[in-house]
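Participant: Below is the structure I would like to discuss, written out as structure tokens.
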Ligand SMILES: [Zn+2]
């Protein structure tokens, strides 16, 4: 179990350590450190012997995107890396590592993998005090299974059944759409089809619904959209007839116009969201700026989702804004007013140090304390920042940020210590239990 005091000792800056410690009530810190968390969102990689060839940790596992200006957390000289290496592998090194240092780090990792075997992924969770991790993966596999891991599959491929060549308008999307089409083919194969049916009714009845049903019966606890990587989050409300006409016109070929295709995607998104509500699978949406120099940041503004959240026919569906909405943190926070909308700290807790995260978190906890979920977004980012390191760092930052925010609220007389502990329990696991049921 990681405790806040350890996290501070491991911090790279002594003055920051003192400043953080001065902002944290030790009783609240101890309580937070003792809670086994439910991680709302991450991408664990299969343990050996499947770790090298595993690509199912993401529907869009892109290694060769055009250069972007990486956030500090993803850089090889991220100052948070050495503490994670030390804690996980007992490895001493300074970031960035040179070639020899990288080889030593790999060897240290391999030793732990060999020691833990099939239980390696569970061991990683134990290092961060995580009891259950929601694994956002195309498929699960040996070593990533219930009860410690619960499945969150991808639905975006279902939204793009037609010829997608007109959508590949940036170098990044030229990589993304072929990956979505490969996943679409896998989904079609699983319902016994080689190509899409000729009508929208058949597509929904023979592909979309059976895919969701298969995922649900296969243990999926939520459904993930990373659509913000593919288009904006603004969804219209076309009729079935409008969408059906577009589908019929292009099901056997031809490139739909942007306007035509968007109406079909919008209809399918609403159809899937409604079905997820019926099945009791909350909908997860990537709601933050994303990777890649061509990512459409403005299109990821969660306020664009308001018509979806305000649709009375979708009130039976729970929506979780992943990654806290950054840079639209206030917009994401305001949306928690909708009874079926939640947000999580994943990725934000990796990208931002505790003090910065604590500011946003405090505002959310002062307004909607029962709608915020802990999360890491552990992901194999780079050779230096694997899913293990990113889980460890995000966990440390999230718990420290939670301690700072709640301690501040107690010291300013906003809440009692008992209430602070209650809120901490809610963020770290209670809210997840309410949303997903017993997990
Ligand atoms: Zn993710």
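Participant: The stretch 270-294 to the stretch 183-261: how many Å between their Cα centroids?
Facilitator: Spelled out, the Cα-based centre of one part sits 14 Å from the other.
Participant: Also: Report, in deg cm²/dmol and to the nearest 500, the calculated mean residue ellipticity at 222 nm for the chain, where each DSSP H run with n ≥ 4 adds -39500 (n - 2.57) and the sum is divided by the residue count.
Facilitator: -13000 deg cm²/dmol
Participant: I would also like to ask the following. Please compute the Cα-Cα pair-distance distribution of the stretch 180-335 with 10 Å bins starting at 0, giving whole percents from short to long.
Facilitator: Histogram of Cα-Cα distances, whole percents per bin: 10, 36, 39, 14, 1.
Participant: Sort 258-265, 334-341, 384-391, 308-315 by packing, meaning the average of other beta carbons within 10 Å per residue, with the highest value first.
Facilitator: Taking the mean over residues of other Cβ atoms within 10 Å, the ranking is 384-391, 258-265, 334-341, 308-315.
Participant: Got a sec? How would 138, 221 order by Cβ neighbour count within 10 Å, fewest to most?
Facilitator: Arranged by neighbour count, lowest to highest, 138, 221 become 138, 221.
Participant: What percent antiparallel are the DSSP beta bridges of the chain, to the nearest 5?
Facilitator: Of all bridge pairs located within the chain, approximately 5 percent are antiparallel.
Participant: Also, I was wondering about something else. Give me the extension gain from residue 419 to residue 366: residue separation times 0.36 nm, minus the current Cα-Cα distance, reported in nm with one decimal.
Facilitator: The residue 419-residue 366 span can extend by a further 17.9 nm.
Participant: Let me ask something additional. Between the stretch 363-388 and the stretch 104-146, what is the separation of their alpha carbon centroids in Å?
Facilitator: Each part's Cα centre sits 18 Å from the other's.
Participant: Please compute the length gained on full extension between residue 69 and residue 213, using 0.36 nm multiplied by the number of residues separating them and subtracting their Cα-Cα distance.
Facilitator: Between residue 69 and residue 213, full extension yields an extra 47.8 nm.
Participant: Report relative contact order for the chain in percent, whole number only (criteria: Cα-Cα under 8 Å, sequence separation at least 6).
Facilitator: 21 percent
Participant: With r defined as the distance between the Cβ atoms of residue 18 and residue 242 and R0 fixed at 60 Å, what FRET efficiency is calculated, to the nearest 0.05?
Facilitator: 0.45
Participant: Also: In a Gaussian network model over the chain where Cα atoms closer than 10 Å are linked, find which of 300, 228, 100 has the largest mean-square fluctuation.
Facilitator: 100
Participant: For a quick protection proxy, order the peptides 28-39, 61-72 by their average other-Cβ count within 10 Å, most packed first.
Facilitator: Top to bottom by mean Cβ count within 10 Å: 28-39, 61-72.
Participant: From largest to smallest, what semi-axes in whole angstrom does the chain give when each is the square root of 5 times an eigenvalue of its alpha carbon gyration tensor?
Facilitator: Calculated on Cα positions only, the semi-axes equal 36, 25, 19 Å.
Participant: Please arrange 415, 272 by counting, for each residue, the other beta carbons lying within 10 Å of its beta carbon, fewest first.
Facilitator: Final ranking by Cβ density, sparse to dense: 415, 272.
Participant: Given the options 250, 41, 323, which has the most mean-square fluctuation in a GNM of the chain, springs set between C-alpha atoms less than 10 angstrom apart?
Facilitator: Result for the chain, Cα springs under 10 Å: 250 fluctuates most.
Participant: Test of understanding: ordering 288, 102 by Cβ neighbours within 10 Å, fewest first, what list do you get?
Facilitator: Fewest to most other Cβ atoms nearby, the residues stand as 102, 288.
Coordinate-derived values only; no laboratory data. Since this is a predicted model, take the numbers as computed values, not measurements. Counting neighbours? That spans all protein chains shown, and the Cβs are built from the backbone with ideal geometry, glycine included.
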